[in-house]
Amino acid sequence: MTADAAPATPGRLARQRRRLSAARFWRSYRTHRAGVIGLAALVLFALMALTAPLTVGSGVAGVTDAPGDPLQAPSLDFPLGTDRFGRSVLGLVVWGSRVSLLVGLLAAVLSVVIGTVVGVTAGHFKGAYATVLMRITDWFLVMPALVLAIALATVMTRSLGTVILAIGVTSWPTTARLVRAQTLAVESRPYIERAKALGGGHWHIMSRHVLPNVMPLVLAQTTLMISSSVLAEATLAFLGLGDPTVISWGGLLQDAREAGAVSAGDWWYLVPPGIAIALVALAFTLCGRAVESVLNPRLGVAR
């Protein structure tokens, strides 16, 4: 061994395996053209949201010092026109991306965490515990998630936390079903029996053997859930159940409806936030399908 060579410790080997696994994942992912396009779109939207305080500033949401006339058509000064208060629609769309993306991401993470915990524990413990969990999951599955989210958002205070909670606690059953099925498949493998025979407890089995094997499924499900969470947030805001003190894409659509933009033909008030919602949802869906195809090539997702 040379003086410059570092000892092959378990931690170093683990880091090398993770780097090699990430490199293999990226090489496979970039062969999916739709996934690459979706990822590029997400990067642009993320940059737009992160740089919004520098590009448009927080004052874009103010109504007392709006720079334009109400419902002004697109022009050189206002490329996407103005809203009913004279604010730039372009600036509002850029600023609203911060809330819409944040709520969609946090709600999806909450949903996937709940679904993963329910799915792993139900698949591991089985028996009466699993039966009760699965019956609760079935009840949530047969009930429309949007209706439950609307009911929950109605009885709670109107805030971003309420919207995140309403979406997260009503959209986890699909993840729970998928994770439970994967958990049952993992626990039927011989090395799980060996781990139990060597004295591995429930927490050891679930955290060291089951969870690492279901994480690829969880990752793919998360990317798919974000798109539906963004749409759900926009729907709740459009129905007037969002936080009225913040700017979001769904809130812009609700403002446009209240201002009569549909009947008046003020398309610039409606189209930009609607296109932004559709593009983000499509981008996350493309990324999710590509991740699914990379992690499980047998799915045969088109490239």
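Assorted remarks:
- Here the condition is being modelled with pLDDT under 90, buried (at least 21 other Cβ atoms within 10 Å of the Cβ) and assigned to a helix (DSSP H, G or I); of SER293, SER263, it holds for SER293 alone.
- Members of region 27-51 that are farther than 14 Å from ARG289 by Cβ, modelled with pLDDT under 90 and surrounded by 11 or more Cβ atoms within 10 Å (Cβ to Cβ): ARG30
- The set of residues in region 18-69 being polar (S, T, N, Q) and part of a helix (DSSP H, G or I) consists of SER21, SER28, THR55, SER58.
- Residue within region 82-89 that is of a type in the set (A, V, I, L, M, F, W, C) and loosely packed, with under 15 Cβ neighbours inside 10 Å present: no
- Scan of region 232-252 for residues that are part of a helix (DSSP H, G or I) and surrounded by fewer than 21 Cβ atoms within 10 Å (Cβ to Cβ), ordered by number: THR235
- Answer residue from region 52-77, given it is over 22 Å from THR245 (Cβ atoms) and in contact (Cβ under 8 Å) with a residue 60 or more places away in the chain and is surrounded by the fewest Cβ atoms within 10 Å (Cβ to Cβ) among those: ALA73
- For region 226-257, a residue qualifies if it is over 30 Å from VAL36 (Cα atoms), in contact (Cβ under 8 Å) with a residue 60 or more places away in the chain and of a type in the set (D, E, K, R), and the qualifying residues are ASP243, ASP255.
The values are calculated or read from the model by the stated rules, or taken from the named source; none is laboratory data. Not measured: the values here are computed from a predicted model. Ideal geometry is used to build each Cβ from the backbone, glycine not excepted, and the neighbour counts take in all protein chains shown.
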